[in-house]
1. Which one is modelled with the lowest pLDDT among residues in the stretch 4-53 that are among the charged types (D, E, K, R) and closer than 17 Å to ASN89 by Cα?
2. Residue check: is ALA56 surrounded by 10 or more Cβ atoms within 10 Å (Cβ to Cβ), modelled with pLDDT under 90, hydrophobic (A, V, I, L, M, F, W, C) and in contact with a helix residue (DSSP H, G or I) (Cβ under 7 Å, 6 or more places away or on another chain)?
3. Give all pairs with beta carbons closer than 6 Å in which a residue from the stretch 58-86 that is touching a residue at least 12 places away in the same chain (Cβ under 8 Å) and farther than 19 Å from SER102 by Cα meets a residue that is loosely packed, with under 13 Cβ neighbours inside 10 Å and of a type outside the set (Phe, Trp, Tyr); count only pairs at least 6 apart in sequence or on separate chains.
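The values are calculated or read from the model by the stated rules, or taken from the named source; none is laboratory data. Source: prediction; values computed, not measured. A quick note on method: Cβ atoms are made from the backbone with ideal geometry, for glycine too, and the neighbour counts reach across all protein chains shown.
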Amino acid sequence: MNRKGMEMAISTIIWIIIGIVVLIGLVVFITKGFGLFKEGTEPVLKTSRNNVVKQACEIACRGEDSRTFCCEPFKVDGKNVYCKNSSLNLDCNYDCSEVVCS
């Protein structure tokens, strides 16, 4: 019996199976789009974004940067949030009453 021919048939079948799996994966990815990827990463990115804004505000407070702390809005969950906003829970006593935002 010619074993070399049999090995070719088995390897061909394996390549066909791998190709079918890849095609099924592509179809699922194309029909679902980035939705599955977005659902998995969105909570992590939101938390990271909130922490970045809080750190930026803490730095502005420590550096007494009145313009950034009192006047610059940051996007958090699609809303404009200012550092002076109490929702960020900053431990800062910077007074924005004398700052004029233009």
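1. Pass one, the stretch 4-53, residues among the charged types (D, E, K, R): 4, 7, 32, 38-39, 42, 46, 49.
Checking which are closer than 17 Å to ASN89 by Cα leaves us with 46, 49.
Details: LYS46: 70, ARG49: 76.
The qualifying residue modelled with the lowest pLDDT is LYS46.
2. It is false that ALA56 is surrounded by 10 or more Cβ atoms within 10 Å (Cβ to Cβ), modelled with pLDDT under 90, hydrophobic (A, V, I, L, M, F, W, C) and in contact with a helix residue (DSSP H, G or I) (Cβ under 7 Å, 6 or more places away or on another chain).
3. Note: no pairs meet the criteria.
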